[in-house]
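Written out below as structure tokens is the structure these notes cover.
The values are calculated or read from the model by the stated rules, or taken from the named source; none is laboratory data. Quick caveat, the model's predicted, so the values are computed rather than measured. In this analysis, Cβ positions are derived from the backbone assuming ideal geometry, glycine residues included, and neighbour counts consider all displayed protein chains. Quick note on the areas: whole protein, heavy atoms, side chains included, nothing else; ligands and nucleic acids left out. Shrake-Rupley method; radii C 1.70, N 1.55, O 1.52, S 1.80 Å.
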Amino acid sequence: MQQKSNLLNLIYQYRDEICHLNQMKILSVSPFEKNHYIDKIEERTTLFIKQLEEVVNEEETETSEPGEPLEFTLEELAAFDGTSGNPAYVAVNGIVYDMGDVAAWSGGRHFGLNAGRDLTQQFTTCHQGVTTRLETLPIVGRVSGTVNKL
Ligand code: HEM
């Protein structure tokens with residue numbers, strides 16, 4: 001899922017740079033200076049779109065290959081916390097589940113717990129590890145290093 005975090009990094013980087021250029025444009029005293037920043041914003045936006053296309057094309061190539069389940073490190077899983085429009089994924093016994101359609105997990109929150117983490121221990125404590133609750137959930141992949149047969 002490296003692409004997803006690349007995508008997020010690209011978006012945050014673009015946002016920060018455009019905010020800065022916009023401020024410079026607003027603070028500009030001469031029309032020449034203002035046009036300079038307008039050009040810069042346009043240039044940066046063109047580059048951003050090109051970068052997005054590259055990541056999406058890469059992503060399509062990866063997801064179009066059937067077979068191997070997706071692998072998440074715990075750091076990568078943390079990006080899927082169900083906030084700011086991100087999907088809500090939770091790992092239990094090394095399997096990564098999509099909680100997007102579970103009402104009890106709306107916004108990536110569930111009884112004080114946040115999505116984007118390995119919650120095996122909490123699941124055992126709170127649901128006695130009864131995985132029937134999870135059987136209807138979409139499986140997204142597994143936590144890297146775990147050997148679960150998906
Ligand atoms: C603090 C620990 C937890 C507590 C107190 C708790 C409590 C509950 C309760 C009361 C419900 C029923 C909610 C409803 O129907 O509106 C529920 C549903 C659910 N819980 Fe938890 N839970 C906890 C942790 C977890 C963890 C770690 C998972 C991991 C995946 C999980 C997965 C689910 C799922 C998938 C449902 C919906 C199941 C269904 O509707 O059939 N819960 N939980």
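Quick one: count up the residues across segment 132-147 that are under 17 Å from the mean Cα position of the chain (by Cα) and either of a type in the set (Val, Ile, Thr) or within 8 Å of the ligand (Cβ to nearest atom) (or both). Selection size over segment 132-147: 3. Open to solvent by 50 Å² or more (accessible area, probe 1.4 Å) and within 30 Å of Val143 (Cβ to Cβ): does that describe Asn35? Here the answer is no, as Asn35 does not meet what is asked.
The residue pairs whose first member lies in segment 117-137 and is more than 23 Å from Asn86 (Cβ to Cβ), whose second member is more than 7 Å from the ligand (Cβ to nearest atom) and open to solvent by less than 100 Å² (accessible area, probe 1.4 Å), and whose beta carbons are closer than 8 Å, counting only pairs six or more residues apart or on different chains, are Thr131/Asn93. Sub-7 Å Cβ pairs linking a first residue in segment 87-104 that is polar (S, T, N, Q) to a second residue that is within 10 Å of the ligand (Cβ to nearest atom), at least 6 apart or interchain, are Asn93/Thr120, ordered by first then second residue. Scanning segment 96-128 for residues that are open to solvent by less than 30 Å² (accessible area, probe 1.4 Å) and touching a Ser or Thr at 6+ places or on another chain (Cβ under 8 Å) yields a count of 1. The sole residue among Gly112, Gly85, Gly129, Gly116 that is within 16 Å of the ligand (Cβ to nearest atom) and at pLDDT below 90 is Gly129.
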